[in-house]
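Okay, structure first, notes after.
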Amino acid sequence: MSSSWRRAALLADLQDVPLLLRSAPALMAIGLVTMADVLAGSSTYLAPLMVVVPSVAALTLTPRELLGMCLLGLLVMLALNRYYDRVTAPSDSRFLFGAAISYIVLSAFSAWVAELRMRRAQAFAAVSSVAEAAQRALLRQPDPVVGPLRLAVHYVSAADAARIGGDLYSVLETPHGTRVLVGDVRGKGLGAVQTAAVVLGAFREAAYDEERLPDVAARIEASMHRHVADGEFTTALFAEFRAAGHVDLVHLGHVPPIRVGADGRAEVLEDTDPWLPLGLGDLAAGAPRPITVPFGPQDVLVLCTDGVIEAKGRRSGTFYPLAERVGPLVKDGWRSLTELDTAVAHLYGDLLEHTGGELGDDALLLLITRPGEAQADHLASP
């Protein structure tokens, strides 16, 4: 058993939580029943309510821990009967005997439920760990510096059970410049991962072979038609950094990037003539055309997926206003790698604050800067 699988199993079944905290619900149940019996007076017999303890303990404790807790509850119930309720009549004694038998049977059944819960948690942890490893292999985390670019990435998947989502990204240094792909596969789960694998695999080959970005997109389009089911598609944004001072963009139905200047001013880099998503290119004649936009050494390029801009506020229900809020959060990211990492953390934190701490979809944030020559020399120096 690998250490990552073991950690996932502990997390899935709360076994990384201290025993005292996991025992708190059952201990509270014992305390409440005891208090109710005492406050009701000796004329009211409430001690048999202790039968709730096994069911509560089955939610958080292991079978051995549960049996110990149930034994404690049984002793408390018998103590209340003998020293407080003083059940002495034959009919009451028979009732107590029946309550004790029911308590013991329910404790045994709850121990079996706890064992079943733990096995399910281990199975969940195994699937989760394998899925996480698969996604890490698929979405290779780029280095903080790729070619002339500095990068900061934050990716979160909303697929809790498998930790696999449909967002994808890749940054490659090629003979034709540094090329970036950000995409969002239609759907979720293993089907989305298979499509993402096709797109990323084709990009990692075509980005080195093809001189023009539209030709890179065409190669990926052809791969999708060969290996992906009809009707499936992937929105994508390609960026190419060659000469300093500008960036070439190809929009294929994806969220447009935002350029943030050192003064905090944010500009959405829309394409007046965007192309169809990957997988749907055969529905139109022609080919996508790149656009060239200025990109200076004090600019920050913000790329994301629709999980960011479509994240709804917990109270207002409005979408996250990325273009309105991104400027002050990332404007200093051009200064250093540390500032860039801080910028993406601040942006993600602001997104969570807007949604109340939960995201309903996969979310990818990719921040890119291209330092000037002096800054680049500083990065290259030991």
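What does the charge count near residue 71 come to, summing +1 for each Lys or Arg and -1 for each Asp or Glu among other residues with Cβ under 14 Å from its Cβ?
Numbers: positive: 64; negative: 65.
Its environment carries a net charge of 0.
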Review point. Using modelled backbone amide H atoms (1.01 Å from N, in-plane), which distant-in-sequence or interchain residues come within less than 5 Å of residue 312's amide H?
Key: 360
Point to revise | Exposure of residue 34 as accessible area (Å², to 10), given a probe of 1.4 Å and all protein chains | key: 40
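What's the carbon and sulfur percent of the stretch 246-343's accessible surface, probe 1.4 angstrom, rounded to a whole number?
Numbers: 2380 of 4780 Å².
Heavy-atom surface of the stretch 246-343 belonging to carbon and sulfur, 1.4 Å probe: 50 percent.
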Exercise for review: Arrange the residues 348, 103, 208 by how much accessible surface each exposes, largest first, with a 1.4 angstrom probe.
Suggested key: 208, 348, 103
Exercise for review: In whole Hz, with x marking every Gly and Pro, tabulate ³J(HN,Hα) for the stretch 270-280 from phi via Karplus 6.51 cos²θ - 1.76 cosθ + 1.60, θ = phi - 60°.
Suggested key: 6, 10, 5, 9, x, 9, 5, x, 4, x, 10
Exercise for review: List every residue whose amide H lies under 5 Å from the amide H of residue 174, counting only residues 5 or more places away in sequence or on a different chain, with H placed 1.01 Å from N in the peptide plane.
Suggested key: 179
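The values are calculated or read from the model by the stated rules, or taken from the named source; none is laboratory data. Keep in mind that what you see is a predicted model, and the values were worked out from it rather than measured. Here Cβ is always computed from backbone atoms with ideal geometry, including for glycine, and neighbour counts include all displayed protein chains. Heavy atoms of the whole protein, side chains included, go into the accessibility calculation; ligands, DNA and RNA do not. Shrake-Rupley method; radii C 1.70, N 1.55, O 1.52, S 1.80 Å.
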